[in-house]
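The values are calculated or read from the model by the stated rules, or taken from the named source; none is laboratory data. Worth saying up front: this structure is predicted, and the values here are computed from it rather than measured. Cβ atoms come from the backbone with ideal geometry, glycine included; neighbour counts cover every protein chain shown. With ligands, DNA and RNA removed, areas are computed over all heavy atoms of the protein, side chains included. Shrake-Rupley method; radii C 1.70, N 1.55, O 1.52, S 1.80 Å.
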Amino acid sequence: MNEREYVTFKIGTQVFGASVSEIHDVFRPSNTTTVPLSAPEIAGVLNLRGRIVTAFDGRALLGLPPKEKDDGRTLAIGVERDGESFGLIIDEIGEVLRLDADSLEQNPVNLDPVWASVSRGVHRLDNRLLVIMDIDRMLSPPGGDEIAAAA
Amino acid sequence: MGVKMDDLLREFLTETADSLEVIDTELVRFESDPDDKDTLNNIFRLVHTIKGTCGFLGLPRLEAVAHAGETLLGLFRDGTLKVTPEAVTLVLDSIDRIKALLNHLSNEQVEPEGNDRDIISRLEAHAEGGLNAAAAAPRAPAAPPPVAPVSSEPDFSEDPELAQAAGVTTGRWDPDQQRYLRPGEVSMAELEAAFLATEGPAEIKNAKPAEAEEAEGKKGAISTNATIRVNVDVLENLMTMVSELVLTRNQLMQMLRTVADSEFKAPLQRLSGITGELQECVMKTRMQPIGSAWKKLPRIVRDACQDLHKKIELVMDGEATELDRQVLDLIKDPLTHMIRNSCDHGVESPEDRIAAGKPETGTIKLRAYHEGGHIIIEVSDDGQGLKTERIRQKAVEKGIVDPLEAHVMTDAQVHRLVFAPGFSTAAQVTNMSGRGVGMDVVKTNVELIGGTIDLRSRRGEGTTFSIKIPLTLAIISALIIGVGEHRFALPQLSVLELVRAGPQCEQKIEFIKNTRVLRLRNRLLPLVSLEGILGLSMDGSEPRADELAYIVVMQVGDTRFGLIVDQVFDTEEIVVKPLSKRLGSVAQYSGATILGDGAVIMILDPGGVAKSISNLETTMRRVNQEEASRSSNDYVAGEKTTLLLFSAGGEEPRACPLNLVTRLEDLDASTFEMTQRGPVVQYRGRLMPLVHAAGTHALRSEGRQSILVFSQGESVIGLAVDAILDIVEDNLTIQLSDMSQGVLGTAVLKGKSTEIIDISYYLTQADQGWAEAAAQGERKAKRQRILLVDSHPFFRNMLAPLVNAAGYDVVVAESLEDAQTKLARGNVFDAVLADTDHPSKMDQFQAIVAQGGNGPVIPLSSRSEAPSTVLGPAVPKSDRYALLAALDSALRSRGEAA
């Protein structure tokens, strides 16, 4: 059996999974400085233990409406790429799942193209669907594949 | 990564590379002063060391080349051979070969295949040839090498027997090299002896270390005491960590500031102090004297001299000035390019220099010094200066500026066009500097490290480029500013000053249409709000007249503007962190930093901010124009005229040259009397006719009336105006027009279109007999004829009526050529008034004038401090008294002579 470990998290109501090896850490973003003129999906920059992290808004990336009110429980998934730190802001962090890679199914053909571009496929769990997210793709600038290519 | 390089070899390579750089510099110095034994000894010693080490490491090719070079140097040293530029070129060539070999060595760890027979035989041939010449000359060298001079010799030296058999046993056998010596060559043992005899580093003679250091110091070399080589990466790492430490310290300090009394206070204070010192020390490890970036330059200048057949001396000043090695690396290439540029385009050929009355040898001066956290590097030459017209023409041809724009640009602005992308000034592309990269690349490179570049040039006297760069890139001084909720860091380098503007302040924000401007010390500063640039304003940045704001006056390149911000916090030393790739496309930021309170803020890129002000470009251009004309006056011989600004019959300012006005008066209008010939006033015991610049009807009948008084001889007239506005000194550029009588044309003064009035029109209007009356006293039986030559229409129009009014007949010529035509028609003039715009042509012109039996040529100058010309001191055009006096005395002496 070809097992993979996935960290699960929620953006909006959807549950996503990302490969454990891709994720550097999970942190609570605080004191985020918004950057005027930057792309809408960039939530801002913040200081994480002396490093400057560029934070991305997961909802904006997926075309979801912004969170109605900030409950102070916002979390971010930290990723390191090319000596730079990035953060993906999510709504909720879940458990770590061990899943059989062979049971990964292809994206449904009618999936929203934006979602399809960041999804590696779907796992059918007992009571829900788990979309496996390609974090690199998620953080790549639209149209450019710098980060994905580097990975 | 391949085989790890042998430690010994690597050390050899680093040391040799350093030595070779020194040799380049020393050799060039040596060439210019062959009598300098110290320099020669230095070179000799260095080559010897290289040779010795090569032998030790088993590098035969290197050793052979070094040996041949050393032999030649040895002959220089004991005076057997004269130092010639060819000989030095040869030695430099051999050094180049050594470099090439070393290069291969450092890449491949083995010497390349092949041999260096070519360069070695050239060196040997030179040694022989020079020796033959020396032997031919009847002089006994101090230590003659024991050789028999032979003109040519087949290469038998590798085999003594063969050589003997051929009967050419000309040289002696050298047991060290296992071959016969060439004529002029010395044996290894002899070289060694010579080396030991050479006064070298004191350790050889086991002198005291103190003396050794002193000796080193005297030679001006960079001190070699107790240094170790540290990998640059280690230093970089150290720097990063210290930066983090500084940030953490700042955070702690910030936290503690809110706590009234804490036991952490004392230890934290100590930590803070130590951190500061540590930071300073680490910064110091990154500092290097700028001289290390200059080492290659003397060689470059020398080679350029050879290639271009010029004579140039490179003078360097401030080699010890230190700056961050990262910055140092980044300016090496721009500097090299600038030096090449100066050699190629700046300094003229020796013939041209002599023709221009300059010393044959040109000088390029390289200067570095510190100025408040920055380092200034200047490259100046005493060459021909920039060819303003050619640049203008070329810029138009290349489409860099449109013709109209180019026409109104000041010289200084035109000069700056050499920094424009795609501009190369050389009419003829040489292999030196015309390789597609121009000053624009230099500018880009300098700006990349947060520096600025500027130039000053004066035709015939030279050009100076100056670069201002920060000492270090890792930590910069920045002004923290706020807009709404946001804070930003603005590099202090581009900040000129801070101004507070508002209803209660001295400065107010004003509007030209929707553009905000600030009147700052009599100049208009275009304003832009940071809010607007960053797209933060909600209502499209609706301008408010009574805004209370801080204005950061900034300068980016030649652009000066004010940035409106809500708050100004503090100046902080910030650690620059690179911008995330995902934010790289936003031109307004150059990086990010973490503040003492832990917050991340963006560092604004002054260049990017300046670029985003597109709608203000026109305003800025005008402001720049004014500024440029101001600054250009320092070195551009412009026609600067002092003008009196006044208003008459409207709001628009009018102007006339101040020098024409005798006095300004403010008279009681009720004393004006009406006569048949017009209004008059009793003025200083006599009647003064009056005329109003807007027509006589505009003359007041009560209250005070401003009058400009003009006087000529005994008579005076008054020109009434509504109000006297100002006196300005400016480069007068008149656009002539025929729109109305009494107006010469219009000029832009202080950014406003201003009518320049024709004084003579009003003067004759005031009193038709004025002109004649003026000349009454000295009226001659026959009116004398004067030829007036001036290419400037304004002066022609101003001077002709003036001279005419003084009782002379005036013929006007637009140019010297035009004047010659007029002279050729058989006209004889009693005097010629000529503008000295073309001093070089004056001699010839004078001869033509003299031939025709004309009167003397009186040189005129548009400058108020009249320069001397070939024809004696020039008379300033604006000084009518001096002019008429000069004319009078010239005519008188002509009369006497006749």
| request: Using amide H atoms built 1.01 Å from N in the peptide plane, name the residues 5+ places from B:LEU314, or on other chains, whose amide H lies under 5 Å from its own. | output: B:ILE364
| note | Quick note, the range B:290-470: a/c under 1.5 would make it rounded; otherwise a/b > b/c is prolate and the rest oblate (a ≥ b ≥ c, C-alpha gyration tensor); here it is oblate
| note | Accessible-area loss of at least 10 Å² in the complex relative to the chain alone (1.4 Å probe) applies, within the range B:568-582, to B:LYS577, B:SER580, B:LYS581, B:ARG582
| request: Give me the accessible area per residue for the range B:6-60, probe 1.4 Å, as a whole number in Å². | output: 45 Å²
| remark: Amide H neighbours of B:VAL748 at under 5 Å, excluding residues fewer than 5 places away on the same chain, with H built from the backbone geometry, are B:THR733, B:THR754
| request: For the range B:464-490, state which residues have at least 10 Å² less accessible area in the presence of all protein chains than in their chain by itself, taking the probe as 1.4 Å and leaving out ligands, DNA and RNA. | output: B:HIS486
| Hey, got the average number of other protein chain Cβ atoms within 10 angstrom for residues in A:40-50? | 4
| said: Counting heavy atoms of the protein chains only and a 1.4 Å probe, report the per residue accessible area for the range A:1-136 as a whole number of Å². | reply: 52 Å²
| said: In whole percent, and with a 1.4 Å probe on the protein chains, what portion of the accessible area of the range A:3-150 is carbon and sulfur? | reply: 48 percent
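Between B:ILE512 and B:GLU461, what is 0.36 nm times their sequence separation minus the Cα-Cα distance? Round to one decimal in nm. Could the numbers behind the result be given before it?
Numbers: separation 51, 0.36 × 51 = 18.36 nm, distance 4.13 nm.
Answer, rounded to one decimal: 14.2 nm.
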| task | Starting from the Cα of B:ALA824, step 7 Å along the direction of its Cβ; do the same at B:ALA260; then give the gap between the two resulting points in nm. | result | 10.0 nm
| request: Let me have the relative contact order for chain A, percent, based on Cα pairs under 8 Å that are six or more residues apart. | output: 26 percent
| remark: Output row B,A: buried area (accessible, probe 1.4 Å, summed both chains) in Å², nearest hundred, equals 1800 Å²
| query | Is any residue of the range A:46-65 close enough, with backbone N under 14 Å, to a label point placed 7 angstrom from the Cα of A:ASP25 along the Cα-Cβ axis, and if so, which? | reply | A:46-54
| note | Shielding of B:586-592 by other chains, given as the mean Cβ count within 10 Å, works out to 3
| Cβ-Cβ FRET estimate between B:CYS281 and B:ASN103, R0 fixed at 30 Å, reported to 0.05 | 0.30
| field | 11 Å beta-carbon shell around B:GLY852, net charge (K/R +1, D/E -1) | value | +2
| note | In this structure, the FRET efficiency calculated for B:ALA698 and B:SER32 from their beta-carbon separation, with R0 = 60 Å, to the nearest 0.05, is 0.25
| field | Inter-label distance for A:LEU111 and B:ALA125, nm, one decimal - labels placed 7 Å from Cα along Cα-to-Cβ | value | 7.6 nm
| field | Heavy-atom accessible area, 1.4 Å probe, ligands and nucleic acids excluded: residues of the range B:593-611 down by at least 30 Å² from chain alone | value | B:ILE594, B:VAL600, B:MET602
| Two-decimal Rg/Rh across the range B:234-285, once Rg and the Kirkwood Rh are taken from alpha-carbon atoms | 1.07
| task | Among the listed pairs B:LYS443/B:LYS508; B:LYS468/B:LYS611; B:LYS394/B:LYS822, give every one whose C-alpha distance is greater than 31 Å. | result | B:LYS443/B:LYS508; B:LYS394/B:LYS822
| query | For B:LEU664 and B:ALA850 in one chain, what is 0.36 nm times their gap in residues minus the Cα-Cα distance, to one decimal in nm? | reply | 62.7 nm
| query | Carbon and sulfur: what percent of the range B:232-286's accessible surface (1.4 Å probe)? | reply | 63 percent
| field | Inter-probe distance in nm under a simple model that places probes 7 Å from Cα toward Cβ, at B:THR84 and A:GLU3 | value | 8.7 nm
| Taking the highest mean first, how do the peptides B:17-23, B:107-113 order by number of other beta carbon atoms within 10 angstrom per residue? | B:17-23, B:107-113
| request: Give the accessible area for B:LYS284 in Å² (nearest 10); use a 1.4 Å probe, count only protein heavy atoms, and leave out ligands, DNA and RNA. | output: 130 Å²
| task | Provide a whole-number value for the mean count of partner chain Cβ atoms within 10 Å of the Cβ atoms in peptide A:26-33. | result | 2
| query | Of the peptides B:487-494, B:316-323, how do they stack up when ordered by the mean number of other Cβ atoms within 10 Å, highest first? | reply | B:487-494, B:316-323
| Could you give the accessible area per residue of the range B:232-286, probe 1.4 Å, as a whole number in Å²? | 68 Å²
| said: Order B:TYR761, B:TYR808 by their accessible area, 1.4 angstrom probe, all chains in place, largest first. | reply: B:TYR761, B:TYR808
| message | Can you report the principal axis dimensions of the range A:3-150 using only the alpha carbons, biggest first, rounded to whole angstrom? | response | 41, 33, 28
| field | Of B:LYS99/B:LYS295; B:LYS99/B:LYS311; B:LYS332/B:LYS365, pairs whose Cα-Cα distance is over 18 Å | value | B:LYS99/B:LYS311
